[in-house]
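To keep things clear, I will list the structure first and then write my remarks on it.
The values are calculated or read from the model by the stated rules, or taken from the named source; none is laboratory data. Note that this is a predicted model, so its numbers are computed, not measured. Here the Cβ is made from the backbone with ideal geometry for all residues, glycine too, and neighbour counts use every protein chain on show. Side chains included, ligands, DNA and RNA excluded: accessible areas come from the protein's heavy atoms. Shrake-Rupley method; radii C 1.70, N 1.55, O 1.52, S 1.80 Å.
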Amino acid sequence: MLESSIQFILAGLTSGAIYALVGLGFTIIYNASHVINFAQGEFIVIGGMSTVALMAAGLPLPVAIMLATLVTMAVGMALAKFAIQPARDADVVALIIITIGASIFLRGIVQLVFGKDIHSLPHFSGETPLNLMGATLMPQSLWVMGVAAALILVMAWFFNATLAGKAMLATAYNALAARLMGVDTKWVLLSAFALSALLGAVGGIVVTPITFVSYESGIMLGLKGFSAAVLGGLGNGVGAVAGGLILGIVESMSAGYISSAYKDAIAFVIILVVLVARPNGLFGKKGIDRV
């Protein structure tokens, strides 16, 4: 029983780490622009697919990862520049529809460029499983959790210790005051989408050896990441991370002890229950400075 519980928790932490990165991406964009970017899941797909394609072209894995991340960041900035910035004065519903349309568009582009096949990457450190108190853990899971933790720490440092990060925080608190103080809020929007795309791309790259990737993989991952952000409190970086980990563990435990067929449904039901009891999420609505 204990071994099974440990196994489920480790699996939940692996998937929860990805949900946390996606949720943090939602939070960064939301705080910078009050836009809920439902194209966030496509950044995961573009990062994973681009790495697969670049490796197939003969590039070594580190170079492929770097170029795929840059490509994904460029896509994120293009989305901000050509879809979000021109509609900054539109209402919330219109902006949500724009991001949903962008998600569908990007999914179609990925399908045309990479096809409908399911792709994978080689495991970064081999496929010999590790034993942890009777539970089995693949080395790639350590990569997922370690890279996610490193990115979260880097984001915390960026927002609290750099001038660019503080400019983004100022825009999140009061965009008008930030503009009056000389902050280029258009640059902040582009930077927010670039950072969000980076989180999605790296998350997609490290998880592809485990879950594989296809043109439609981003749909559910995006929804789970959004659920993580809402569960923790939309706009709260710490909440997005905690929400992602909670969601991942709940999914894994419910799949193990109840049925994998209801895994997704149970996770969303729990989120609905939490939001009914606490509409602002588990951590309330805080600023991004608490990433």
Alpha-carbon centroid distance for the pair region 193-242 / region 1-72, whole angstrom: 6 Å
For region 140-205, projected area of the alpha-carbon convex hull averaged over all directions, nm²: 4.5 nm²
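Given the -39500 (n - 2.57) contribution per DSSP H run of 4+ residues, what per-residue ellipticity at 222 nm results for the chain, rounded to the nearest 500 deg cm²/dmol?
On the way: 11 runs with 210 residues, N = 291.
-24500 deg cm²/dmol, from helical runs alone.
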Against the longest alpha carbon principal axis of the chain, how many degrees, from 0 to 90 and to the nearest 10, is the axis of helix 163-173 turned? 80 degrees
State the percentage of accessible surface on region 137-216 attributable to carbon and sulfur atoms; use a 1.4 Å probe and exclude ligands, DNA and RNA. 72 percent
Below 8 Å, C-alpha to C-alpha, sequence gap of six or more: please give me the relative contact order for the chain in percent. 37 percent
Report, in degrees rounded to the nearest 10, the 0 to 90 angle that the Cα long axis of helix 139-161 makes with the longest principal axis of the chain. 20 degrees
Using R₀ = 35 Å, calculate the FRET efficiency as 1/(1 + (r/R₀)^6) where r is the Cβ-Cβ separation of His34 and Ala265; round to 0.05. 0.70
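Can I get the semi-axes of the chain's equivalent ellipsoid? Compute them from the C-alpha gyration tensor as square roots of 5 times the eigenvalues, in angstrom, largest first. It would help to have the intermediate numbers written out before the result.
Numbers: eigenvalues 172, 108, 63 Å².
After scaling each eigenvalue by five and taking roots: 29, 23, 18 Å.
Please give the net charge around Ser33, taking every other residue with its beta carbon less than 14 angstrom from that of Ser33, where Lys and Arg add +1 and Asp and Glu add -1.
On the way: positive: Lys81, Arg88, Arg179, Lys186; negative: Asp89, Asp91, Asp184.
Residues near Ser33 contribute +1 overall.
Hey, got a sec? Which trypsin sites (Lys or Arg not before Pro) in region 59-123 land in a DSSP loop and have at most 10 other Cβ atoms within 10 Å? Numbers along the way, then the final one.
Details: sites: Lys81, Arg88, Arg107, Lys116; in loops: Arg88, Lys116.
Answer in residue order: Lys116.
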When a/c is below 1.5 the answer is rounded, else prolate if a/b is larger than b/c, else oblate, so apply that to region 1-81 with a ≥ b ≥ c taken from the square roots of the Cα gyration tensor eigenvalues. oblate
Could you tell me how many degrees, from 0 to 90 and to the nearest 10, lie between the Cα long axis of helix 185-211 and the main elongation axis, the longest principal axis, of the Cα atoms of the chain? 10 degrees
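In the chain, what is the count of Lys pairs whose alpha carbons are under 16 Å apart, counting only pairs at least 8 residues apart or on separate chains? Display every interim value, and only then the final one.
Values: Lys81/Lys186; Lys166/Lys186; Lys166/Lys286; Lys224/Lys263.
The number of close lysine pairs in the chain is 4.
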In Å², and per residue, what accessible area does the chain have when probed at 1.4 Å with the other protein chains present? 45 Å²
The chain: most fluctuating residue of Gly235, Gly115, Gly25 per GNM, C-alpha cutoff 10 Å: Gly115
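Near Val110, within a Cβ-to-Cβ distance under 15 Å, what is the net charge of the other residues, with Lys and Arg +1 and Asp and Glu -1? Please list the in-between numbers first.
Values: positive: Arg107, Lys116; negative: Glu42, Asp117, Glu216.
After counting each charged neighbour, the total is -1.
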